[in-house]
Ligand code: GLN
């Protein structure tokens, strides 16, 4: 039977529930269990696809095209397994289903209520993955929000019921909380945790394990105090001390025995000691870089690192294989809407430039100007989605001489719509879930940069966009030197563009950053980092053979 672990959060948001859940899942997976994680988000949006990145960080897209919470990105990066629509549930989805059921007449004659109709739907969704043909040993569910939030109540009630129905051997609650340090008193404080556990208990839930975020180590006294007042065993008080990198957290949890505590409580058969060899190799390389490069990440949501979460993480994975520290500096695209001299001043310090995905007109001008600069100055360039579209527009404007060339997203009246909507996108008026989403095939041209990276002619990558490379301009662009090196074999849509006479200039319509994991860094990120290392170290006359990695 599948065992269920729920992770709730108390005291404040942003304690890193997703990382704790992913770290526990990693440890259990490393012991040989088949594990998956899901996230329940208490907001009323059906999915985060329509949320501004400032509100919610990056929107993570799964293989099956679900627009999901960025924590699913952590799950995939840690576990190296794909997630799907079923791994992210929102209050919006729950209510949509309940209301559709009501309209269909499923509850005919009954008053439809939060209890039992909404809670039953939450319980059904909580068990979907566990009941699937995947045969998971363990399903971890992260409950978004903080205990005490009004919108979390139906989830807590569902959790209470599930625990009662499944029994304590099969269902476990981990509560993640904060132990603040008061500098004036020179003391770690347990009271907020006591209150937060009381709040859980008011909802009929006794947590089994406390994971305590803290800046300082928890001594035995404080562990005993937490155990006594929160009604848990001392061995179930787990310290989660601040870490240098999120990738340390599984090792810290292992040291604290989070996985073995879980195994004991759920009466799981102890399979073996966790095999974390690949993880440890990655950590070792990450912490002992032999080189260092600096990349400019040009985007418009730079105030918030979470907006480009997967890109930052992909650089960490790709940097580690190259034994190279990648410093990623956010560069605001609007700050690049300036003179060529200023652009040179801002960008010449970088060993490579990545132009980020994005939506709308704001900041596009700065992206175009920076692409012109890196193209003409042989600086490695990597464009993702909007970044690739901007590379095509820039080339059409400055090399083909089509001055007014544009994407119709930016200028709907352009005479040269090199990036345009496809006819089937024209009639769409709804915004939610209507982009080209999820995994599509791409056939790669042999001899290209992309082929050198992937070493394969057929790949699959994930998409999230409305606009496309306009094939009417393909011959012109190719003849002028912008090669199409990746195409969707079924639709003929262009996926990858490259420049021949440039050390590394590559634009992709898809989102490679969504598929980079600790154990499988993305080949294009790896290749781009290598190109940046070549630029930096070869130009300094270093004899280091960076290509040997
Ligand atoms: N705004 C562009 C489109 O919709 C690019 C989207 C993106 O970068 N994800 O096609």
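Data overview
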| quantity | calculated |
| --- | --- |
| Identity of the residue in segment 271-290, in contact (Cβ under 8 Å) with a residue 60 or more places away in the chain and in contact with a helix residue (DSSP H, G or I) (Cβ under 6 Å, 6 or more places away or on another chain), that ends up nearest to residue 370 (Cα to Cα) | 282 |
| One residue from 378, 302 being in contact (Cβ under 8 Å) with a residue 12 or more places away in the chain, more than 22 Å from residue 410 (Cα to Cα) and either away from the ligand (no atom under 16 Å from the Cβ) or in a loop (DSSP other than H, G, I, E, B) (or both) | 378 |
| Members of segment 15-39 found to be part of a loop (DSSP other than H, G, I, E, B) and more than 15 Å from the chain's Cα centre (by Cα), listed by number | 15, 31, 32, 33, 34 |
| Enumeration of residues in segment 409-423 that are assigned to a loop (DSSP other than H, G, I, E, B) and surrounded by 16 or more Cβ atoms within 10 Å (Cβ to Cβ) | 409, 410, 411, 414, 416 |
| Residue 387 under 23 Å from residue 68 (Cβ atoms) and out of contact with any helix residue (DSSP H, G or I) (no Cβ under 9 Å at 6 or more places or on another chain) | no |
| Scope segment 354-371; condition part of a helix (DSSP H, G or I) and surrounded by fewer than 18 Cβ atoms within 10 Å (Cβ to Cβ); matching residues | 365 |
| Matching residues, segment 245-259, being in contact (Cβ under 8 Å) with a residue 24 or more places away in the chain and outside any helix (DSSP H, G or I) | 245 |
| Residue in segment 312-335 that is on the phi < 0 side of the Ramachandran plot, more than 22 Å from the chain's Cα centre (by Cα) and surrounded by fewer than 17 Cβ atoms within 10 Å (Cβ to Cβ) present | yes |
| Residue in segment 390-400 that is within 16 Å of the ligand (Cβ to nearest atom) and under 24 Å from residue 318 (Cβ atoms) present | yes |
| Flag if residue 513 is part of a helix (DSSP H, G or I), within 16 Å of the ligand (Cβ to nearest atom), at pLDDT 95 or above and within 28 Å of the chain's Cα centre (by Cα) | yes |
| Selected residue [crowded, with 24+ Cβ neighbours inside 10 Å, more than 23 Å from the chain's Cα centre (by Cα), more than 16 Å from the ligand (Cβ to nearest atom) and not in a helix (DSSP H, G or I)] from 486, 447, 492 | 486 |
| Test: residue in segment 424-443 that is at pLDDT 95 or above, part of a loop (DSSP other than H, G, I, E, B) and surrounded by 19 or more Cβ atoms within 10 Å (Cβ to Cβ) | no |
| Hits in segment 296-309 - residues which are surrounded by 22 or more Cβ atoms within 10 Å (Cβ to Cβ), touching a helix residue (DSSP H, G or I) at 6+ places or on another chain (Cβ under 7 Å) and closer than 20 Å to residue 246 by Cα | 307 |
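The values are calculated or read from the model by the stated rules, or taken from the named source; none is laboratory data. Fair warning: this is a prediction, and the values are worked out from it, not measured in the lab. All Cβ positions, glycine included, derive from the backbone under ideal geometry; neighbour counts span all protein chains shown.
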